[in-house]
Structure formats: C-alpha cells, structure tokens
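What follows is a short report on a single structure.
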Amino acid sequence: MLTKRIIPCLDVDKGRVVKGKKFTNIQDVADPVKLAQRYNKAGADELVFYDITASNEDRDIFIDVVEQVAAEIAIPFTVGGGIRTVEDIHSVLRAGADKVSINSAAVQQPDLIEEAAKKFGKQCIVLSIDAKQTNDGRWAVYIHGGRKQTALNAVDWAEQGEALGAGELVLNAINTDGEKNGYDLDLMHAVAQAVNIPIVASGGAGKMEHFSQVLQPTYADAALAASVFHYGEIPIPALKAYLATQGITVRPS
Amino acid sequence: MISIIDYGAGNIKSLQFALNKVGIDSQITTDETTIKKSDAIILPGVGAFQDAMHALDDQELTSFIKQEAARGKPLLGICLGMQLFYESSEEGGVTKGFGFLTGKVKKIPNNVKVPHMGWNNLIKHRNSALWKQMTDEAFVYFVHSYAATDVDTNTLVASTPYGINIPAIVQQNNIIGMQFHPEKSGATGLQLLANFKEMIT
C-alpha cells in the first residue's frame, strides 16, 4: 500500500538552513547536508530544499548544496525557490534534484509548467501554492514569499496546474504557517476534491496529532514541516510510530 | 564497470552516486566501445517514453543495445528504462519499445492518484538473487504514471499494490527491470543495487 509521506523542509540561505516564522524573522539552524543525512537516518520519506534568497551570487552556492545532498543521501528531494526558467529547472535536476517546485513563476507564466512537464516529465514538476483564506471563505493565491496577493483562487489554480502538467501540489497555508496549531484541513480538502494528483500539506504542524489529521484519506498524501523537526520537537521515528497506531500507513523508520 | 545510457535531460547523477555507494564503477555514456566493454548496461528512468526511444534511435543505440542483450549482457532498466523493455507504450501516442519482454505499457487507471508517487511495498512473486538480505517489509520509492500490463507472470519477481497490481521487479534471463527508483529507495534500494552487482560479477 502506498504510504503517507513525512517531509522535512529545509529553507536554505547562503548555504545554511534557516527557519522563518511567517516568512520573516529568519533564524539560522544548521548545515543542510548534515541535516539531510540526519533526516534520512531518522526515516524521512523525502526532503524539500527551498532557496529562500535566490540572488544570482547565492544561486551557485545553492546548486553546490543540491549536489552534495544528492551525493550523500539516497531518498528523493525537491528543490524550490527562485525557479523561473526551463534552464533553472534543468540546472537543479542536473545537480541531482528529483523534483522542482515552482511557485511565483508559475503564476506569472503558466506556460512554464507546461513546457517543463513536457521536457522533464510531469513527475518532477511540483506546483507550490501559497494560499491565504479570505473573508468569503475562499483561498487567495499569494506570490513572492507570501508578500503579494494575486487574483487567483487556490482551488482553481490547483486544478489549472494539474491540467498544465504539474505532477504534485504543495499547499502552504499562510494563515497557519508558523503557528503550530495544525494544518489548514479545509484548504487540503477543497483542493483534494478538485484534483487527482498527490497533495503535500504545508504550514501549521506543531503536534503529532496535526500530522494524523492532515494525512486522513480526504486531505493530503504527504505532510511537510520544518521547525518541529529541526528543533527536535517531534522526532520522525516517534511520529511514524504514532501515525501507525492511528491507522495511517507509513514506511517504518 | 557499468554503462549508464544517457538518453535524456533528467537526474541520472543520483543513480551514479548510489552505484558508488555499493562499490559499482559506472560511466554515463552513449559510446558503443565503452558500452561493449562494460559488465552491464543500465537504462535509467528519466523523461517520457517516446522521447527516450527517439533519442536512442537518433544515437543509433537501439539496435546496438538489442545486440548486446542478445549476447547475454545484463541489462537493468529503471522506471522508464524498464518500460522501454516492453513491446510498446501508449505514452505520447503508441510507441514501440525494445520488445525484450511481453507486455504493453499503459497509463495507470484513474481510480487512484496519478502519478503513483511515494513509498510502496514489494510483494514477492518468485525467488531471485535480488531478494538477498532483503526484509519482508521492503518499501521502495515509486514515481510514475504508466505501468507494464499483460506481462508474462513468469517474469514477475515483485509487484506493488496501487489500484491494480503493478509489476515492480521483473526478470527474464539477463533482462531486469525495476519500476521504482532503487537509487532513491534508501537502504533497501542500495541493497537491491548491491544484489544486482553480485549477479553481474
């Protein structure tokens, strides 16, 4: 049976892992390669690396990190942040990444998803959506690290992304991100009803129960989190043991 | 030394890194002399079926690989690489494959999420040297939208349950296919590659 995935997310700035609360007040955490090795041993199912600055000079440092991670660990990982062109995608895939996550650039030029999916295969094109609930109960899509609201509705955009060729969705709820009060279950549910590709839930993990909630059949296929893993608040082996007791199929650590 | 056939733009570096870890020397190549001298050939799993067959045809490697296979050289196909061993695929319009194995590659039915992405378990169908030191609960990493169907059940070493039973490991003499990515399947995947190494040396 296909297992639900636990995915630590590492935000990388100038070759270091950092964790921001609501995308600001960034604090330094650790060496990305060492953290990746630690998570691999602990039983993480996948990893995500976000290049959070993505200025040109830092880009080369980041590509080096991607290559070192690929050399060290034998589990899949996704790379995101600052991906704007087919050439950007090519360079991270060549460095050893398995999937590429595209966010703002996909909103600005949806053709990028289509072109990249044709060239590299749907399976490596991840559409990452930052969504914030509006007063009317819908979710607006935000870009530029949550700083700029767009006219898009997250559920519609997810559907369109699937049609364009995205092989997976990462849904990051801005309202719940960094709050540790649980994932935005309504957002996951609304999108899961609309698409037939895997959904990775992001934003809001604080307790083990939050993972078991969001990994129920009608929500997400994978749960992404950062600080609860980086600071050792939730050890992955303990989380997986807990999820198994809750009837959620996971790969044993 | 193993030749990894370079027929696309995706991530083959990870495969080479994983082979290094289990002590297999490899070269990413399209050069016939190099391939001829190597102990085995790996067709890695990147891109789309039609593009891959066209790339192999353009590099005049299709008939060459068929000759090498006929001479008994071990061939390991990973993900798309395994699918290429079958008669045809419907991905991007019906395209002929190598035809080493009986069966057709078809889209995974839509009653489950497609692509099939993540860790799934291997169900053993028959003995193989590939099972050496493997645990009963072996999970490996899949990411694919198409799968082999109507296969010869004698070739089935392992399957994985995903709506239908998907052929996961197949073997017919010197032809071995893995639908998942052993290079991305942690310790289990590395063990499978180590077992492959023992089979070819």
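The values are calculated or read from the model by the stated rules, or taken from the named source; none is laboratory data. What you are looking at is a predicted structure, and each value in this text was computed from that prediction instead of being measured. A quick note on method: Cβ atoms are made from the backbone with ideal geometry, for glycine too, and the neighbour counts reach across all protein chains shown. All accessible areas refer to the heavy atoms of the entire protein, side chains included, with ligands and DNA or RNA removed. Shrake-Rupley method; radii C 1.70, N 1.55, O 1.52, S 1.80 Å.
Looking at B:81, B:45, B:77, which one is within 20 Å of residue B:141 (Cα to Cα), open to solvent by less than 50 Å² (accessible area, probe 1.4 Å), assigned to a helix (DSSP H, G or I) and in contact (Cβ under 8 Å) with a residue 60 or more places away in the chain?
Answer to the selection: B:81.
One residue is enough: does the stretch A:46-69 have a residue meeting the conditions closer than 21 Å to residue A:199 by Cβ, aromatic (Phe, Trp, Tyr), facing another protein chain (nearest Cβ under 10 Å) and in a strand (DSSP E or B)?
no
Within the stretch B:28-53, track down each residue that is within 14 Å of chain A (Cβ to nearest Cβ) and under 19 Å from residue A:122 (Cα atoms).
Of the stretch B:28-53, the ones within 14 Å of chain A (Cβ to nearest Cβ) are B:28, B:44-52.
Those that are within 14 Å of chain A (Cβ to nearest Cβ) and under 19 Å from residue A:122 (Cα atoms): B:44, B:45, B:46, B:47, B:48, B:49, B:50, B:51, B:52.
Conditions first: (1) of a type in the set (Asp, Glu); (2) under 14 Å from the mean Cα position of the chain (by Cα); (3) closer than 18 Å to residue A:17 by Cβ. Residue A:130 passes all but one, so which condition is the exception?
Residue A:130 satisfies all of (1) of a type in the set (Asp, Glu); (2) under 14 Å from the mean Cα position of the chain (by Cα); (3) closer than 18 Å to residue A:17 by Cβ except (3).
Being facing chain A (nearest Cβ under 8 Å), buried (at least 24 other Cβ atoms within 10 Å of the Cβ) and polar (S, T, N, Q) narrows it down to one of B:185, B:145, so name that one.
B:185
Could you check residue B:168 against (1) open to solvent by less than 30 Å² (accessible area, probe 1.4 Å); (2) more than 14 Å from chain A (Cβ to nearest Cβ); (3) within 21 Å of residue B:52 (Cβ to Cβ); (4) among the aliphatic types (A, V, I, L, M) and say which number it fails?
All conditions are met except number (2).
Working only within the stretch A:207-236, note down all residues that are within 14 Å of another protein chain (Cβ to nearest Cβ) and surrounded by fewer than 18 Cβ atoms within 10 Å (Cβ to Cβ). Spell out the reasoning first.
So in the stretch A:207-236, the residues within 14 Å of another protein chain (Cβ to nearest Cβ) come out as A:215, A:217-224, A:236.
The answer is A:217, A:218.
Could you check the stretch A:134-237 for helices (runs of 4 or more DSSP H) lying wholly inside it with 2 or more residues that are over 30 Å from residue B:109 (Cβ atoms) and of a type in the set (Val, Ile, Thr)?
Passing ranges: none, list empty.
Working only within the stretch B:118-142, note down all residues that are of a type in the set (A, V, I, L, M, F, W, C), within 10 Å of another protein chain (Cβ to nearest Cβ) and in contact with a Pro (Cβ under 9 Å, 6 or more places away or on another chain).
Correct list: B:139, B:140, B:142.
Identify all residues within the stretch A:92-124 that are farther than 21 Å from residue A:203 by Cβ, in contact with a strand residue (DSSP E or B) (Cβ under 7 Å, 6 or more places away or on another chain) and within 14 Å of chain B (Cβ to nearest Cβ); write none if there are none.
A:92, A:93, A:97, A:98, A:116, A:117, A:123, A:124
Considering only residues of the stretch A:243-253 that are more than 10 Å from chain B (Cβ to nearest Cβ) and open to solvent by 50 Å² or more (accessible area, probe 1.4 Å), which is nearest to residue A:7 (Cα to Cα)?
Result: A:253.
Suppose we filter B:129, B:158, B:138, B:148 for residues that are under 20 Å from residue B:76 (Cα atoms) and touching an Asp or Glu at 6+ places or on another chain (Cβ under 7 Å); which single one remains?
Answer to the selection: B:129.
Quick grid of which residues meet (1) without any contact (Cβ under 8 Å) to a residue 60 or more places away in the chain; (2) within 14 Å of chain A (Cβ to nearest Cβ); (3) open to solvent by 10 Å² or more (accessible area, probe 1.4 Å); (4) under 29 Å from residue A:197 (Cα atoms):
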site: B:160; (1), (2), (3), (4): yes, yes, no, yes
site: B:174; (1), (2), (3), (4): no, no, yes, no
site: B:179; (1), (2), (3), (4): no, yes, no, yes
site: B:189; (1), (2), (3), (4): no, yes, no, yes
site: B:193; (1), (2), (3), (4): no, yes, no, no
site: B:198; (1), (2), (3), (4): no, no, yes, no
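May I ask you to verify whether residue A:88 is touching a residue at least 40 places away in the same chain (Cβ under 8 Å), open to solvent by 10 Å² or more (accessible area, probe 1.4 Å) and in a helix (DSSP H, G or I)?
On the way: touching a residue at least 40 places away in the same chain (Cβ under 8 Å): no; open to solvent by 10 Å² or more (accessible area, probe 1.4 Å): yes; in a helix (DSSP H, G or I): yes.
Taking the combined requirement at face value, the residue does not satisfy it.
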